[in-house]
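*Asks:* Structure incoming, see below.
The values are calculated or read from the model by the stated rules, or taken from the named source; none is laboratory data. Being a predicted model, the structure only gives us computed values, none of them experimental. Note: ideal-geometry Cβ built from the backbone for every residue, glycine included; neighbour counts use all protein chains shown.
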Ligand SMILES: Nc1ncnc2c1ncn2[C@@H]1O[C@H](COP(=O)(O)OP(=O)(O)OP(=O)(O)O)[C@@H](O)[C@H]1O
């Protein structure tokens, strides 16, 4: 193992074989401490020869099911590289060596929104609105320009960079969800995502519109930012579906009493169980109340 690729880790050490070390040396990458771990790999801090700090996600192909490798991985990689938007984590380099995939991406120095919410109580609604609006813009780019649905929207996939700009990441389940020529929506039949954030069609395992399922998950994210709890009981699926179907009475009974009526209307549009009637992300990112509230947000100081 060469010194330039030796990880100076606290905790987990990234084991390299000589092939990977040689590749890292050639590309001038230095791997530093571990940042976190997800279902499909570990994430490390890294630096390139120009001193630029990045995050590198190391995905171990041998730990993935064949289904995941064949169905999701090619999608994740191609979508990642083409996505360039200020509210999407930029991917700089991807390579594969020794049964691992290395994804070098923009480093977000202030963690994810789930972590921020846990540490900061109370959190101003204006700040929630700003970060929600920023991630909505990133998602809008993914929907309208890439014609892809994200399909795993959650606060854990909303990262904060060094300037506290919110950016969406983790396109593991992203999928082209509209036909290019006529921009006709293609229904999804892969029921992915994270339980409390899943749209009713995904929970019921019915073919669904991936764009509208993302909007539902954005609704759950915004509700969480405003209330610090999930809108529906997600540990009991039949009960979750009953609560969702009792629209809008159940969700209206869950809103904070002091939540402005404009916020309730915005959330109502995202929680409509009928996906045809549910808002599009474009409508949400142009919502006047959201824009006004965001403009009053005060960013945290370092
Ligand atoms: N670009 C990044 N910059 C800084 N930290 C990051 C970056 N990407 C990921 N991390 C950190 O690594 C952790 C693991 O990320 P990863 O995307 O692998 O998993 P996850 O989203 O938490 O879970 P899963 O992928 O299983 O849904 C994140 O929670 C975050 O703390």
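*Asks:* Looking only at strands (runs of 3 or more DSSP E) that fall completely inside region 93-202, which ones have 3 or more residues that are in the same structural domain as residue 281 (by TED's automatic domain parsing) and closer than 19 Å to residue 299 by Cα?
*Replies:* Ranges flagged: 158-160, 166-168.
*Asks:* Here is a follow-up. Pull out all pairs, ordered by first then second residue, where Cβ-Cβ is under 7 Å, the residues are six or more apart or on different chains, the first lies in region 278-296 and is closer than 20 Å to residue 143 by Cα, and the second is at pLDDT 95 or above and in a loop (DSSP other than H, G, I, E, B).
*Replies:* If the second residue must be at pLDDT 95 or above and in a loop (DSSP other than H, G, I, E, B), the pairs left are 278/272.
*Asks:* From (1) within 18 Å of residue 263 (Cα to Cα); (2) in contact (Cβ under 8 Å) with a residue 60 or more places away in the chain, pick out the condition that doesn't hold for residue 213.
*Replies:* The number of the failed condition is (1).
*Asks:* Being buried (at least 19 other Cβ atoms within 10 Å of the Cβ), modelled with pLDDT under 90 and in contact with a helix residue (DSSP H, G or I) (Cβ under 6 Å, 6 or more places away or on another chain), is that true of even one residue in region 157-170?
*Replies:* Checking region 157-170: at least one residue is buried (at least 19 other Cβ atoms within 10 Å of the Cβ), modelled with pLDDT under 90 and in contact with a helix residue (DSSP H, G or I) (Cβ under 6 Å, 6 or more places away or on another chain).
*Asks:* Can you name every residue in region 258-272 that is under 22 Å from the mean Cα position of the chain (by Cα) and either outside the structural domain of residue 290 (by TED's automatic domain parsing) or part of a loop (DSSP other than H, G, I, E, B) (or both)?
*Replies:* Of everything in region 258-272, those that are under 22 Å from the mean Cα position of the chain (by Cα) and either outside the structural domain of residue 290 (by TED's automatic domain parsing) or part of a loop (DSSP other than H, G, I, E, B) (or both) turn out to be 271, 272.
*Asks:* Can I ask one more? Going by what's in this entry, would residue 148 be described as more than 13 Å from the ligand (Cβ to nearest atom), under 14 Å from the mean Cα position of the chain (by Cα), in contact (Cβ under 8 Å) with a residue 12 or more places away in the chain and closer than 17 Å to residue 193 by Cα?
*Replies:* yes
*Asks:* Are any of the residues in region 198-210 closer than 20 Å to residue 282 by Cβ, without any contact (Cβ under 8 Å) to a residue 40 or more places away in the chain and more than 16 Å from the ligand (Cβ to nearest atom)?
*Replies:* no
*Asks:* Quick check, is residue 214 under 15 Å from the mean Cα position of the chain (by Cα) and part of a loop (DSSP other than H, G, I, E, B)?
*Replies:* No: the conditions fail for residue 214.
*Asks:* Answer yes or no: is there a residue in region 238-245 that is modelled with pLDDT of 95 or more and either under 18 Å from residue 117 (Cβ atoms) or part of a loop (DSSP other than H, G, I, E, B) (or both).
*Replies:* Looking for residues that are modelled with pLDDT of 95 or more and either under 18 Å from residue 117 (Cβ atoms) or part of a loop (DSSP other than H, G, I, E, B) (or both), one finds none in region 238-245, hence no.
*Asks:* Tell me, please, whether a residue that is under 30 Å from residue 256 (Cα atoms) and within 11 Å of the ligand (Cβ to nearest atom) can be found in region 94-111.
*Replies:* yes
*Asks:* Among all residue pairs at least 6 apart or on different chains, which show Cβ distances below 7 Å where the first residue, located in region 35-54, is modelled with pLDDT under 85 and the second is within 6 Å of the ligand (Cβ to nearest atom) and in a strand (DSSP E or B)?
*Replies:* Within 7 Å, the pairs are 41/57.
*Asks:* Identify the single condition in (1) modelled with pLDDT of 95 or more; (2) in contact with a strand residue (DSSP E or B) (Cβ under 9 Å, 6 or more places away or on another chain) that residue 140 does not satisfy, given that it satisfies every other one.
*Replies:* The failed condition is (2).
*Asks:* Same structure, new question: So if I check each of 171, 141, which one is more than 13 Å from the ligand (Cβ to nearest atom), closer than 23 Å to residue 54 by Cβ and touching a residue at least 12 places away in the same chain (Cβ under 8 Å)?
*Replies:* Every option except 141 fails the conditions.
*Asks:* Which residue out of 196, 200 is within 28 Å of residue 59 (Cβ to Cβ) and either surrounded by fewer than 17 Cβ atoms within 10 Å (Cβ to Cβ) or in contact with a helix residue (DSSP H, G or I) (Cβ under 8 Å, 6 or more places away or on another chain) (or both)?
*Replies:* The conditions single out 196.
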